[in-house]
Amino acid sequence: MRKRIFEIVEASKDGDTLSSIYDIGILITVIVSLVPLAFKTTTPAFTMIDKVSVSIFIVDYLLRWITADYKFGTRGLLPFVKYPFTFMALVDLISILPSVTVMSSAFKVFRVFRMLKVMRVFRTMRVVRVFKAARYSRSMEIIGNVIQNSKEALAAVGTLAILYVLVSALVVFNI
């Protein structure tokens with residue numbers, strides 16, 4: 001059962017319809033969850049979107065965590081301890097935590113999280129949800145490989161870009 005859950009929650013392989021539907025559902029949830037961030041005001045519809053999307057993200061996170069041994073290909077306790085510290089698991093967690101305070105007012109079970117009001121400062125971190133989409137994109141995999149293979153050249157270009165922006169800002173500031 002857990003193996004099939006793993007096959008569904010991981011990026012779909014050719015011919016796995018259920019996994020493809022799950023992937024599309026998560027991508028749509030990511031996109032819809034970013035809509036409220038484009039507005040300054042909070043409406044009841046935006047709050048509902050946030051509650052539903054963070055609930056889906058929590059379930060996704062938990063499903064990935066309980067199938068961590070299949071992801072790492074090893075048995076035992078180590079994969080379950082190691083999973084929360086992987087890059088994508090941290091992205092998932094960072095995208096979930098700022099919305100936990102929103103959920104705490106709606107569900108009595110989450111009232112314990114009221115002490116996380118400090119997280120309201122980090123609500124802008126919800127934009128990190130866009131990185132969840134990277135898990136399903138072959139283009140992002142290609143970009144990751146290019147970045148890995150061209151670190152020095154990209155560092156040089158990045159340094160030049162930063163210097164250009166700083167010099168331009170100083171010129172504009174002084175004019």
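The values are calculated or read from the model by the stated rules, or taken from the named source; none is laboratory data. Because the structure is predicted, anything quoted here is derived from the model rather than measured. Cβ: placed from backbone, ideal geometry, glycine included. Neighbour counts: every protein chain shown. Heavy atoms of the whole protein, side chains included, go into the accessibility calculation; ligands, DNA and RNA do not. Shrake-Rupley method; radii C 1.70, N 1.55, O 1.52, S 1.80 Å.
Annotations for the structure displayed:
- Only one entry of ILE21, ILE28, ILE49 meets the criterion of being assigned to a helix (DSSP H, G or I) and over 26 Å from TYR83 (Cα atoms), and that entry is ILE49.
- Yes/no for LYS71 being surrounded by 11 or more Cβ atoms within 10 Å (Cβ to Cβ), closer than 25 Å to ARG4 by Cβ, at pLDDT 90 or above and not polar (S, T, N, Q): no
- Residue count, the range 34-60 (criterion: closer than 15 Å to ILE94 by Cα, surrounded by 12 or more Cβ atoms within 10 Å (Cβ to Cβ) and modelled with pLDDT of 85 or more): 8
- The condition (being modelled with pLDDT under 85 and in a helix (DSSP H, G or I)) is satisfied by just one residue among VAL165, VAL128: VAL128.
- Selection count where residues are open to solvent by 50 Å² or more (accessible area, probe 1.4 Å), aliphatic (A, V, I, L, M) and farther than 17 Å from LYS71 by Cα, scope the range 1-29: 5
- Yes/no for THR86 being modelled with pLDDT of 65 or more, polar (S, T, N, Q) and either open to solvent by less than 40 Å² (accessible area, probe 1.4 Å) or in contact with a Cys (Cβ under 8 Å, 6 or more places away or on another chain) (or both): yes
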